[in-house]
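Notes follow the structure.
No value in this document is a laboratory result; all are computed from the given coordinates. All values derive from a computational prediction rather than experimental measurement. FYI the Cβ positions are ideal-geometry reconstructions off the backbone, even for glycines, and counts take in every protein chain you see.
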Amino acid sequence: MADRRPQSHNLLVIGQSHVAAIRAAAKAHREAHPDEPRTRVIHTREEVYAPELEGVTQGDHSQARFGPGLVAAIEDQLARHQPRVASVVGGNAHNMLALMRHPRPFDFLLSGEEGPPPDAGAEIIPEALVRAALEERLQPDFARLRLLRDVAGPFIHVESPPPVRDEGFILERAESWFRDRATGEMEVAGVGVRWRMWRQLSRLMREAVEGLSGRFMPVPESVCDPDGFLRIDHAADPTHGNASFGAAVIAALDRA
């Protein structure tokens, strides 16, 4: 759990599935400390805000815009609470590509970072190919970041949770998205490619956020093991943090 100190800022955290950890931590904090500033969240894909995005044609997000209900909700929070705004937009594209072992196992070398050794028996593919595949999947998230900046101004973007090292935990708690796509018995991808894919995603998100004059905030060190993987006690499932992860993020945003 994050260190206990009075929360000094109202926070507004906007994103998709990663808001769950923030929401759970914020609820617990509000109940324990009702007189302190609040953390509020907006999950942009909840039905109350539909349509989340308008102007998307055949996968092209260049003309995308937030739906009027979502814009109104963000503007209302800004006007009433003057919060520090943070993003947990996206953050799962790397898992879609590399949480489970591919029928033709692959790995790559990440320039400038060592990390775990390449996975034995995996085909080494160019880093540029991995980057391009991630960039393609991230187009909706890049659009969301741009639209958030347009509505709320500069914001802090929180790095998505690191991968969990424990393969047994992943197999036991893998979400239905992964189970539904398994053609046979599920097998977790090697720890090296999972870590490198997460780091590549973080690089791309940092570039996008800083290109919008925002700030990129790495996950707090307290939620990671010595090798940079997500500690099991901070994991809700293989791809998301839990309430204690959310509390650590809220504390870090309050200090930012």
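Between Arg101 and Glu187, Val188, Ala189, the built amide H atoms are under 5 Å apart, and every one of these is 5 or more places off in sequence or on another chain. Sorting Glu159, Glu187 by the number of Cβ atoms found within 10 Å of their own Cβ, with the fewest placed first, yields Glu187, Glu159.
Here the Karplus relation 6.51 cos²θ - 1.76 cosθ + 1.60, evaluated at θ = phi - 60°, turns the backbone of the range 36-52 into coupling constants of 8, x, 10, 10, 10, 10, 10, 8, 5, 9, 5, 4, 4, 9, 4, x, 5 Hz, with x for every Gly and Pro.
Counting neighbouring Cβ atoms within 10 Å and putting the fewest first, the residues Phe155, Phe178 line up as Phe178, Phe155.
Each Lys and Arg Cβ is given +1 and each Asp and Glu Cβ -1; about its Cα centre, the chain then shows a dipole of about 640 debye. Adding -39500 (n - 2.57) for every DSSP H run of four residues or longer, then dividing by how many residues the chain holds, sets the calculated 222 nm ellipticity at -13000 deg cm²/dmol. The Cβ shell under 14 Å around Arg137 holds other residues with a net charge of -1, Lys and Arg each +1, Asp and Glu each -1.
Working value for the range 11-255: equivalent-ellipsoid semi-axes of 30, 21, 17 Å, each the square root of 5 times a Cα gyration tensor eigenvalue, largest first. Return the long-range amide H neighbours of His157 (sequence gap of 5 or more, or a different chain), with a cut-off of under 5 Å between placed amide H atoms. Under 5 Å from the amide H of His157 lie the amide H atoms of Ser87, Arg215, Phe216, Met217, each far enough along the sequence or on another chain.
Looking at the chain, the DSSP beta bridges with both ends there are about 30 percent antiparallel. Once the gyration tensor of the Cα atoms in the range 93-214 is diagonalised, the equivalent ellipsoid follows with semi-axes of 28, 17, 13 Å, ordered largest first. Amide H to amide H distances under 5 Å link Asp107 with Glu123, Ile124, Ile125, where only residues 5 or more positions off or on other chains count and H is placed in the peptide plane. Please identify every one of the GluC sites (Glu not before Pro) in the range 2-66 that sits in a loop by DSSP and has no more than 16 other beta carbons within 10 Å of its own beta carbon. Sites meeting the loop and neighbour criteria: Glu46.
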